[in-house]
Amino acid sequence: MAAAPCCCGDGGEGENKTPLWWLAAARYAIAFMVTVLIIIVIVKAIKVVSFPDPLYLSVVQGTIFAAPARRSQKQVQELAAVNLEFRLLIVNPTRHVPMYLVNVTSYLFDHDTPATTVDPVDHCFVYYKQKDDIAIRQNSEANQVLRLSVPRMSMQPKFFDLVYNTSDSSSSSSSMSGVTMRLDATLVASIRMSATGNVNVSGNVTYYFWPLVVLHKNLLGDLVDDDLTTTQEDLGNDVFCRPPQGGRFL
């Protein structure tokens, strides 16, 4: 009689093996994470390479004009304010990339206060938030006038009294020199991709302008009207933005 086949032993072919499914899942998870990291690196590299040349900014004639706000006699006593205006020239050198400055905030500092402070609101003598975005078309320039009406309570008293004057006499008017303007904003570049359309690349930027002069309207005589920046006299050269280095500017 033939012997029955043996079903036992040291792991014969009849034994069912449990697959190591968790090992395969771990391999897939690691591969997925590596792929995500590679994509992140590629996107970062594209942003760095494709971000266009920076904008070139300057304060026209290096001058910020000041004049008392027009108010009635009662309002002058209760709500004294000074108007500040300056013209900002912005040049976009790129041929195909329009740019936008959004969330623009300007700070003014006297010559004894460093504009590179981490808390500019507390250290400047006045600051101003631009409501509208500034658009600069590709390969063109924008001439932007920024206007600010500053009530007495919003400016440090010694600086307000220096530039505020309601009389018509130039002898009682003052000016400030050595002023630094810091401009913080978000720069948005609209890069056109042939396959996906426009891609917006943005980054925070800070520009410093020094030395500027805050000039009272009375010191100009009849050269200006209600629009303080319309003077035709050459008051000085344009002041371009410059990078800070060790608290000073290059």
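Quick notes on this one:
Residues are listed down the side, and each one gets a yes or a no for (1) within 23 Å of V104 (Cα to Cα); (2) assigned by TED's automatic domain parsing to the domain that holds Y128; (3) surrounded by fewer than 11 Cβ atoms within 10 Å (Cβ to Cβ); (4) at pLDDT 85 or above:
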residue: N165; (1), (2), (3), (4): no, yes, no, no
residue: D168; (1), (2), (3), (4): no, yes, yes, no
residue: S177; (1), (2), (3), (4): no, yes, no, yes
residue: D184; (1), (2), (3), (4): yes, yes, no, yes
residue: M193; (1), (2), (3), (4): no, yes, yes, no
residue: V199; (1), (2), (3), (4): yes, yes, no, no
residue: S202; (1), (2), (3), (4): yes, yes, no, no
residue: D227; (1), (2), (3), (4): yes, yes, no, no
residue: P244; (1), (2), (3), (4): yes, yes, no, no
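- Residue that is surrounded by the fewest Cβ atoms within 10 Å (Cβ to Cβ), among those in the stretch 103-119 that are assigned to a loop (DSSP other than H, G, I, E, B) and among the aliphatic types (A, V, I, L, M): V118
- Test: residue in the stretch 136-152 that is in the same structural domain as A69 (by TED's automatic domain parsing), part of a loop (DSSP other than H, G, I, E, B), farther than 30 Å from N198 by Cα and more than 15 Å from the chain's Cα centre (by Cα): no
- Scanning the stretch 120-132 for residues that are surrounded by fewer than 16 Cβ atoms within 10 Å (Cβ to Cβ) and assigned to a loop (DSSP other than H, G, I, E, B) yields K131, D132.
- Matching residues, the stretch 103-121, being among the polar types (S, T, N, Q) and either on the phi < 0 side of the Ramachandran plot or not assigned by TED's automatic domain parsing to the domain that holds V145 (or both): T105, S106, T113, T116, T117
The values are calculated or read from the model by the stated rules, or taken from the named source; none is laboratory data. Owing to the predicted nature of the structure, the values given are computational and were not obtained by experimental measurement. All Cβ positions, glycine included, derive from the backbone under ideal geometry; neighbour counts span all protein chains shown.
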